[in-house]
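Student: Below are the structure tokens for one structure; questions will follow.
Values in this text are rule-based calculations from the coordinates and carry no lab data. Note that this is a predicted model, so its numbers are computed, not measured. Please note: Cβ atoms are built from the backbone with ideal geometry, for glycine as well, and neighbour counts cover all protein chains shown.
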Amino acid sequence: MLKVEKFIGRKEELKLLGDLSKSNRAIMVVIKGRRRIGKSRLATEFAKDKKFLKFTGIAPTENVNDQHQRDYFARQLATNFKLPPLTFLDWQDAFDHLSLNLNKEEKTVILFDEISWIGDKDPTFLPKLKAWWDMTLQEYPNLMLILCGSVSTWIEKNIINSTAFFGRISLNITLDELSLKESYEFLEEVGIK
């Protein structure tokens with residue numbers, strides 16, 4: 001896999017995220033686009049001067065179930081906060097535990113990467129995420145929650161067009177390919193002539 005140190009392009013998206021982060025209220029953002037287009041990298045670049053908590057799902061296979069997703073989330077949570085191993089039997093417990101480790105004064109970005117992988121196997125995931133947003137995260141004026149993924153149809157159906165998230169999403173970004181100039185700069189950066 002190519003590792004690019006220099007962040008290329010996405011100036012407009014970074015500006016939109018930066019402007020939103022000045023609002024003194026909790027912000028929910030959706031970033032979608034095809035695989036390997038730079039969704040997670042955009043979130044990482046935006047969060048480089050903030051506390052950044054990244055959680056990603058396990059790629060869906062026949063044997064991956066909702067408990068596997070919660071176990072992986074628990075492992076990432078424990079790693080982020082240097083906690084002993086955790087187990088959650090319910091998403092509400094997982095969200096509550098994450099909340100206990102947040103600081104209201106600290107600029108914080110939480111990224112749920114490949115949100116469709118995390119939430120697809122458990123019909124209670126999205127309702128509990130919505131309740132967590134409404135009941136807890138609204139109290140964190142320096143927090144941005146980014147829901148990110150490459151399964152755009154799932155995100156459209158279950159988040160963007162869902163009545164549960166109506167009025168809660170402050171920004172919806174669909175990432176397209178880099179421009180020709182940015183693509184040239186990217187290729188140069190990775191050593192391709």
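Student: Starting with the highest mean, order 160-168, 32-40 by the number of other Cβ atoms within 10 Å, averaged over the residues of each peptide.
Tutor: My ranking of the peptides, most packed first, is 32-40, 160-168.
Student: Right, here's the next one. Round to the nearest 10 and give me the degree value, 0 to 90, for the angle of helix 180-189's Cα axis relative to the longest principal axis of the chain.
Tutor: Its long axis makes an angle of about 90 degrees.
Student: Is it possible to state the helix-based mean residue ellipticity at 222 nm for the chain, with each DSSP H run of 4+ residues giving -39500 (n - 2.57), the sum divided by total residues, to the nearest 500 deg cm²/dmol? What is it?
Tutor: About -11000 deg cm²/dmol.
Student: Then there is this: Gain in length, F166 to D19, computed as 0.36 nm per residue apart minus the alpha-carbon separation, to one decimal in nm?
Tutor: Additional length available on full extension: 50.8 nm.
Student: On to the next question. Per residue of segment 56-65, in order, report the coupling 6.51 cos²θ - 1.76 cosθ + 1.60 (Karplus, θ = phi - 60°) as ³J(HN,Hα) in whole Hz, putting x for Gly and Pro.
Tutor: Coupling constants for segment 56-65: 10, x, 8, 4, x, 9, 4, 8, 7, 10 Hz.
Student: On to the next question. Using 7 Å Cα-to-Cβ label points, what is the K82/R35 separation (nm, one decimal)?
Tutor: 3.6 nm
Student: Could you go through segment 47-55 in sequence order and give the Karplus-derived ³J(HN,Hα) for each residue, using 6.51 cos²θ - 1.76 cosθ + 1.60 with θ = phi - 60°, rounded to whole Hz, and x for Gly and Pro?
Tutor: Running phi through 6.51 cos²θ - 1.76 cosθ + 1.60 with θ = phi - 60° gives 8, 4, 10, 10, 5, 10, 10, 10, 10 Hz.
Student: Just to confirm a number: summing +1 for Lys and Arg and -1 for Asp and Glu over residues other than L89 whose beta-carbon lies under 13 angstrom from that of L89, what do you get?
Tutor: Result for the local shell: -4.
Student: Under 8 Å for C-alpha pairs, at least 6 residues apart: give me the relative contact order for the chain, rounded to a whole percent.
Tutor: 36 percent
Student: Then there's this: Evaluate the distance, in nm, between pseudo-label points positioned 7 Å from the Cα of D90 and of E139 along their respective Cα→Cβ axes.
Tutor: Here the modelled spin labels are 1.8 nm apart.
Student: Long-range amide H contacts for I146: which residues qualify at under 5 Å (H placed 1.01 Å from N, peptide plane, sequence gap of 5 or more or a different chain)?
Tutor: V29, I110, L111, F112
Student: Next up: How far apart, in nanometres, would the label points at E45 and K104 be if each is projected 7 angstrom from Cα along the Cα-to-Cβ direction?
Tutor: My value for the distance between the label points is 3.4 nm.
Student: How large is ³J(HN,Hα) for each residue in segment 92-108, as worked out from phi by the Karplus curve 6.51 cos²θ - 1.76 cosθ + 1.60 (θ = phi - 60°), to whole Hz, x for Gly and Pro?
Tutor: Per-residue couplings from phi come out as 4, 4, 5, 5, 4, 5, 4, 4, 4, 9, 9, 10, 5, 8, 8, 4, 9 Hz.
Student: I would also like to ask the following. Working out 0.36 nm times the residue gap between I192 and S152, then minus their Cα-Cα distance, what length gain in nm do you get to one decimal?
Tutor: 11.4 nm
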